[in-house]
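K.L.:
Quick one: structure below, then a few questions.
The values are calculated or read from the model by the stated rules, or taken from the named source; none is laboratory data. Values in this document were obtained by computation on a predicted structure and should not be read as measured data. All Cβ positions, even for glycine, are placed from backbone atoms using ideal geometry, and neighbour counts span all protein chains on display. Ligands, DNA and RNA are stripped out before the accessible areas are found, and what is left, the full protein with its side chains, is counted by its heavy atoms. Shrake-Rupley method; radii C 1.70, N 1.55, O 1.52, S 1.80 Å.
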Amino acid sequence: CGHRGTQGIEGVRLIITPHQINGQRLYQAKVGTESSHRAWTLLGIAAIVGIVFAFAMKRSEGFTRLIPALFTIGTGLLSVFLLSISLRTLPVGTAYAVWTGIGAAGTAILGIALLGESAAPIRILCIVLIVAGVIGLKQVS
């Protein structure tokens with residue numbers, strides 16, 4: 001089954017996908033936008049900046065070290081700002097869950113890899129479940 005799209009107004013694209021159900025040919029129409037792709041990209045960048053934020057916060061030692069503390073504030077603000085831009089297009093529940101999920105899983109993975117944090121099997125399983133949830137939310141959005 002292929003799909004074909006027709007370009008609409010202001011980057012909006014109607015995607016028509018044929019399906020075969022019980023011998024009948026049916027068509028599913030879906031609206032896609034270039035801004036949706038941009039919103040997901042910004043959300044991914046926001047989540048990565050959020051991971052940097054978490055490590056900067058660790059380095060700031062409770063905001064007692066000036067440069068890491070300033071970096072923590074800057075990355076935190078940038079991450080939330082990028083999230084807010086993605087919310088212009090994406091549903092808040094999905095975007096926030098994906099943002100926190102990527103941040104949580106990414107921070108945990110890097111904590112294991114860079115800081116020698118526990119890599120207990122149950123911890124790894126929990127990280128995998130978070131990543132599966134993020135992938136699932138992206139697929140259904």
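K.L.:
Under 14 Å from the mean Cα position of the chain (by Cα) and surrounded by fewer than 18 Cβ atoms within 10 Å (Cβ to Cβ): which single residue out of VAL49, VAL140 fits that description?
P.N.:
It is VAL140.
K.L.:
Take the residues in the stretch 83-96 that are β-branched (Val, Ile, Thr) and part of a helix (DSSP H, G or I); name whichever of them is surrounded by the fewest Cβ atoms within 10 Å (Cβ to Cβ).
P.N.:
VAL92
K.L.:
Which one of these is in contact with a His (Cβ under 9 Å, 6 or more places away or on another chain) and modelled with pLDDT under 95: THR33, THR17?
P.N.:
None of the other options fit; the residue is THR17.
K.L.:
Answer yes or no: is there a residue in the stretch 27-38 that is in contact with a Pro (Cβ under 9 Å, 6 or more places away or on another chain) and under 24 Å from GLN139 (Cβ atoms).
P.N.:
Yes, the stretch 27-38 has at least one match.
K.L.:
Could you check SER86 against (1) within 18 Å of VAL49 (Cβ to Cβ); (2) of a type in the set (Ser, Thr, Tyr); (3) at pLDDT below 95 and say which number it fails?
P.N.:
(3)
K.L.:
Would you call VAL80 part of a helix (DSSP H, G or I) and open to solvent by 60 Å² or more (accessible area, probe 1.4 Å)?
P.N.:
Yes: the conditions hold for VAL80.
K.L.:
Could you please find all residues in the stretch 97-122 being open to solvent by 70 Å² or more (accessible area, probe 1.4 Å) and not aliphatic (A, V, I, L, M)?
P.N.:
GLU117, PRO121
K.L.:
Do you know which residues across the stretch 53-77 are open to solvent by less than 60 Å² (accessible area, probe 1.4 Å) and either under 19 Å from ALA104 (Cβ atoms) or part of a helix (DSSP H, G or I) (or both)?
P.N.:
Once the filter is applied, which keeps residues that are open to solvent by less than 60 Å² (accessible area, probe 1.4 Å) and either under 19 Å from ALA104 (Cβ atoms) or part of a helix (DSSP H, G or I) (or both), the stretch 53-77 yields ALA54, PHE55, ALA56, PRO68, ALA69, THR72, GLY74, THR75, GLY76.
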